[in-house]
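Single-structure report; data block below.
The values are calculated or read from the model by the stated rules, or taken from the named source; none is laboratory data. Predicted model only: the values in this text are computed from it and were never measured. Here the Cβ is made from the backbone with ideal geometry for all residues, glycine too, and neighbour counts use every protein chain on show.
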């Protein structure tokens, strides 16, 4: 099921921008980084029972270079946001059904958050940023839906 056929993104608010930069180890080469998008939906309370539901999706897009076991990371950046999705057609969807299909929302949310992440990384002096253009959802049932991708940064 594609939630984007029944829901519209009504509002997106960035709630946190955080970046940390450590001195790079000797040598100037491209750095690999892990990019991860986590999303957690919850119902928006207080609406009219006759209306179609709305859901708030908490998003966290993080990017960390290096490996903590091998000298630590070179940079770590996080963008957090809240997205408000309102159902506009179809039968009213409950939270369980919305949650089971919400990973598809990464198609819409990732590009918006990646733009903020790119600006944040450039602001701390990380240049030549090559974030993925798109992410393919891989659902991990133990931790909830998340998206993992590794790309080169320098």
State yes or no: is residue 55 surrounded by 13 or more Cβ atoms within 10 Å (Cβ to Cβ), at pLDDT 95 or above and either assigned to a loop (DSSP other than H, G, I, E, B) or touching a helix residue (DSSP H, G or I) at 6+ places or on another chain (Cβ under 6 Å) (or both)?
yes
Go through the range 1-41 and count every residue that is farther than 23 Å from residue 117 by Cβ, in a strand (DSSP E or B) and at pLDDT below 95.
0
